[in-house]
Amino acid sequence: MKHFFTLLLTTAALHAEPVSLFDGKTLDGWDYDPKIWRVEDGMITGGSTTEKIKESHLFCPKKSYQNLELKLIFQVCLPLR
């Protein structure tokens with residue numbers, strides 16, 4: 001019975017409903033540097049228009065996820081240096 005229960009939990013987890021990681025308004029639930037990352041027009045925006053960014057800055061969700069399907073659209077404003 002123990003093996004059946006484990007299999008049932010695994011199968012249920014594989015077919016879980018999708019979860020949105022970004023609400024389009026805030027970065028609640030994310031670890032990030034607020035001097036770099038912000039929300040503008042419903043998009044996560046990084047960088048500065050007034051200062052040169054000297055190093056890379058990452059952001060990540062506070063929770064862990066499995067079977068993640070990540071879809072991104074990004075734009076880089078040139079020049080990068």
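The values are calculated or read from the model by the stated rules, or taken from the named source; none is laboratory data. None of the values given here were measured: they were computed from a predicted structure. Note: ideal-geometry Cβ built from the backbone for every residue, glycine included; neighbour counts use all protein chains shown. For accessibility, only protein heavy atoms count, side chains too; no ligands or nucleic acids. Shrake-Rupley method; radii C 1.70, N 1.55, O 1.52, S 1.80 Å.
The table for this structure:
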{"item": "Search result, residues across the stretch 22-32 that are touching a residue at least 24 places away in the same chain (Cβ under 8 Å) and loosely packed, with under 12 Cβ neighbours inside 10 Å", "result": "29, 31"}
{"item": "Where a residue in the stretch 57-74 is open to solvent by 100 Å² or more (accessible area, probe 1.4 Å) and its partner, wherever it lies, is not β-branched (Val, Ile, Thr), with Cβ under 6 Å and at least six apart", "result": "62/29; 62/31"}
{"item": "Conditions (1) assigned to a loop (DSSP other than H, G, I, E, B); (2) at pLDDT below 80; (3) not aliphatic (A, V, I, L, M); number of the one not met by residue 10", "result": "(1)"}
{"item": "Residue match in the stretch 33-43 (condition: open to solvent by 50 Å² or more (accessible area, probe 1.4 Å) and farther than 18 Å from residue 75 by Cβ)", "result": "yes"}
